[in-house]
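Everything below concerns the one structure shown next.
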Amino acid sequence: MAGIIGFGTYLPRYRLPRELIAKEWGQPSMGGEKAVAGHDEDSLTLAVNAALTALPNGAAPGVDAIYFASTTPPYREKQSAATVAAVLDAGSAVRTADFTDSLRAGTSALRAALDTVAAGAGRALVCAGDCRMGEPDTLAEQSYGDAGAALVVGSGAAVVAEVIGATTQTEEFHGTWRNDDQAFLHAFPGAFETKFGYAPFVIGAVAALLKQTATSPDAIATAVIAAPNPRAVAGVAKALQLDPKRQIQDTLWTLLGDTGTAQPLVLLAAALERAKPGELILLVGYGDGADALLLRATPAIAQYKAALSVAAQVERKRLLPSYGKYARFRKLFRRDATDDDLSTPVVLFRDRRTVLSFYGGRCPKCDTVQFPRNRVCIECGYRDGLAEHKLARSGTLFTFTNDYLHDSPDAPTSHGVVELTGGGRVYVQLTDVEPDQVEVDMPVELTFRKYHEGSGLQNYFWKARPA
């Protein structure tokens, strides 16, 4: 039976204490903090970095389908899954699709991936990322957080959690919405949405699933139920006769916030990280209805180790010092227009394997690895072209400088030359590190980030951060 053979998550380093938001607007604080994507991160980079941790060695050979889920994709009309496939070097034969416009997109993409594998595909990747914006001076601004998650779906002995049942309930309901003219999310008051647009759908989908699989609520070891807030989960748990203390997976709302389409997948990864063979896990996503899936951990879960656990990423954080810095990240205040960085789809197409898939060159004469791939070797002067060479995404910092003049929402900007594992040097920006912590010979890893927006285009490349 088809099931999950790999999983990974990506939580941005920055956290914004809710008390800073509350203080800015004279509101009561909802307590805790929320995860905030950096100025160089968006829903696509969150999903890509989660996918890199979910796939063995961050490589996608053998993946037949890639599905991207988000309510905040970088483009209104352009497929993001195709960009994910390019970054993962999945090849041109891979099937790609975007799932969007609903909070249920993450679990809907998972159901589609399961159907794809059941129809004969070898493996399918589901990756989700969201950076939803609540309107400033509202409680919604305190609620929404940012995160990415990925699941690899397949079959056979590698399955760590097999899917033994799934149901869907689709309903028309304006719970949370945003149209083309709106920059921020809008929603009915919490009590109304929870009572009429959340609880009935979730309860209905789960009740149908338990009946379909002849499963009693007591048999469930962990119930992963996505929710807009912890109180909503408590009401659903009571109606479904689930023990909130023993069975319900913490939504991490206090630590991360409501992370949108990624939320159910992040919580599922957290549950799988501590699951034992034979345990039943309930997964529920909601939005215009609900998806409910029942999974059973297999003996393979005992040997599976996540590349970076949810708990470790929750602890590995950087607190934003002020609301103002968050406002700069999110471009919430008006600035005088400046000349945009230039960009062109011609260059993006020409350099897609260099920039996204991260290929350099290897000299056939002296074997020197170099980036970018030029016609003439920088070492021996060989003039007949270099062979394409896949570069590593790890290495050590060869040299660096902290630039206080570069205009950035997170100044200063650290630039460095990285000596890549296996050969080659690349000049990149550094991220997720304070300038006084940067050192020569520091082990680093490359992370996929947004560099700038130019001519209406999103420009992505790799940055280095401490390994």
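Just a few scattered comments:
- Taking Cα centre as origin and charging only the Cβ of basic (Lys, Arg, +1) and acidic (Asp, Glu, -1) residues, the dipole magnitude of the chain rounds to 800 debye.
- Listed pairs LYS195/LYS245; LYS305/LYS325; LYS78/LYS238 exceeding 31 Å between Cα atoms: LYS305/LYS325; LYS78/LYS238
- P(r) weight above 21 Å for the stretch 288-364, C-alpha pairs, percent: 74 percent
- Rounded FRET efficiency, nearest 0.05, which uses the C-beta distance separating HIS415 from PHE349 and R0 of 22 Å: 0.25
- Surface composition of the stretch 326-465: carbon and sulfur atoms hold 49% of the protein heavy-atom accessible area at a 1.4 Å probe.
- The protection proxy used here, the mean number of other Cβ atoms lying within 10 Å of each residue, ranks peptides 241-249, 55-63 as follows, highest first: 55-63, 241-249.
- Sorting the segments 257-266, 407-416, 38-47 by their residues' average number of neighbouring beta-carbon atoms within 10 angstrom, most packed first, yields 257-266, 38-47, 407-416.
- Under the criterion of Cα pairs below 8 Å and six or more residues apart, the relative contact order for the stretch 88-203 equals 19 percent.
- Heavy-atom surface of the chain, accessible at 1.4 Å and reported per residue (Å²): 44 Å²
- Put the Cα centre of the stretch 339-407 next to the Cα centre of the stretch 247-269 and the gap is 38 Å.
- Long-range HN-HN contacts of TYR144 with modeled amide H, under 5 Å: GLY134, ASP258
- Applying a 4.7 Å Cβ-Cβ cutoff to the chain leaves CYS127, CYS131 as cysteine residues with no disulfide-compatible partner.
- Loop-resident sites, the stretch 363-467, for trypsin sites (Lys or Arg not before Pro), counting at most 11 other Cβ within 10 Å (DSSP): ARG375, ARG383
- Sparse packing (at most 10 other Cβ atoms within 10 Å of the Cβ) combined with a DSSP loop state is found for the following chymotrypsin sites (Phe, Trp or Tyr not before Pro) in the stretch 400-461: TYR404.
- With N counted as the residues of the chain, its alpha-carbon radius of gyration over 2.2 N^0.38 Å works out to 0.99.
- The stretch 4-62, dipole about Cα centre (Lys/Arg Cβ +1, Asp/Glu Cβ -1), debye to the nearest 20: 160 debye
- Where GluC sites (Glu not before Pro) fall in DSSP loop in the stretch 113-184, at most 12 other Cβ within 10 Å: GLU172
The values are calculated or read from the model by the stated rules, or taken from the named source; none is laboratory data. Because the structure is predicted, anything quoted here is derived from the model rather than measured. Positions of Cβ are backbone-derived with ideal geometry, glycine not excepted, and every protein chain shown enters the neighbour counts. Accessible surface areas use protein heavy atoms only, side chains included; no ligands, DNA or RNA. Shrake-Rupley method; radii C 1.70, N 1.55, O 1.52, S 1.80 Å.
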